[in-house]
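No value in this document is a laboratory result; all are computed from the given coordinates. Being a predicted model, the structure only gives us computed values, none of them experimental. Using ideal geometry, Cβ is built from the backbone for each residue, glycine included, and neighbour counts are taken over all protein chains shown.
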Amino acid sequence: MAELKNIIETAKSKGTFKTLLKAAEVLKITNKYSTEGPYTVFAPVEAAFEPIPDEVVDESFDDHDYLMTIINYHIVEGKYTTEDLRKLDSLQTINGKELRIISNGEIKVEATRIINPDIECSNGIIHAIEDILIP
């Protein structure tokens, strides 16, 4: 069995989280999510950013406080598989806000579907989601 990569390496190898990884680099948090954990990351796929005009994305990358608020709303301390999520109604994000978990056959975080669940990492787990979560 192949050795698991950390959250950042795993996200890079998937190739579907480019904008999210760029945000982590801009905020200088890649080392944290490479070495610390465990974390559960609800990671928007690249298609989630397509409806947003480029200038809006660029502006959010310039506002580090705003960008950190958005990123931190996608991350939870601890490792939660879909099996764990099915038993929960909510999780607290690392910025202290509650994420609603809805399980009715498929699992949603807030109103967003998990489209690629349980991507195992050495320091946590990634669940690819179809939209950006806004606190």
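Here GLU130 passes the criteria (1) in contact (Cβ under 8 Å) with a residue 60 or more places away in the chain; (2) among the charged types (D, E, K, R); (3) more than 27 Å from SER13 (Cβ to Cβ) except the one numbered (3).
None of ILE114, ILE132 is of a type outside the set (Ser, Thr, Tyr), within 26 Å of LYS5 (Cβ to Cβ), in a loop (DSSP other than H, G, I, E, B) and in contact with a strand residue (DSSP E or B) (Cβ under 7 Å, 6 or more places away or on another chain) except ILE132. Only residues that are without any contact (Cβ under 8 Å) to a residue 40 or more places away in the chain, of a type outside the set (S, T, N, Q) and not in a helix (DSSP H, G or I) were counted in region 1-50, giving 5. Within region 113-130, the set of residues being surrounded by fewer than 18 Cβ atoms within 10 Å (Cβ to Cβ) and either closer than 22 Å to MET68 by Cα or not β-branched (Val, Ile, Thr) (or both) comprises ARG113, ASN116, PRO117, ASP118, GLU120, SER122, GLU130.
On inspection, GLU120 passes the criterion of being at negative phi, out of contact with any strand residue (DSSP E or B) (no Cβ under 6 Å at 6 or more places or on another chain) and assigned to a strand (DSSP E or B). Is it true that LEU88 is closer than 19 Å to PRO38 by Cα and assigned to a loop (DSSP other than H, G, I, E, B)? Answer is yes for this residue.
Of GLU77, GLU98, GLU110, GLU83, all but one fail to be closer than 21 Å to ILE134 by Cα, free of Cβ contacts under 8 Å to residues at least 12 places away in the same chain and either touching a Lys or Arg at 6+ places or on another chain (Cβ under 6 Å) or of a type in the set (D, E, K, R) (or both); the exception is GLU98.
Going through region 75-96 one residue at a time, which ones are in contact with a helix residue (DSSP H, G or I) (Cβ under 7 Å, 6 or more places away or on another chain) and crowded, with 16+ Cβ neighbours inside 10 Å? Matches in region 75-96: THR93 only. Could you tell me whether LEU99 is assigned to a loop (DSSP other than H, G, I, E, B) and not polar (S, T, N, Q)? Considered against the rule, which asks whether it is assigned to a loop (DSSP other than H, G, I, E, B) and not polar (S, T, N, Q), LEU99 comes out as no. Every listed requirement among (1) free of Cβ contacts under 8 Å to residues at least 40 places away in the same chain; (2) surrounded by 15 or more Cβ atoms within 10 Å (Cβ to Cβ); (3) farther than 18 Å from LEU21 by Cβ is met by ASN72 save one, (3).
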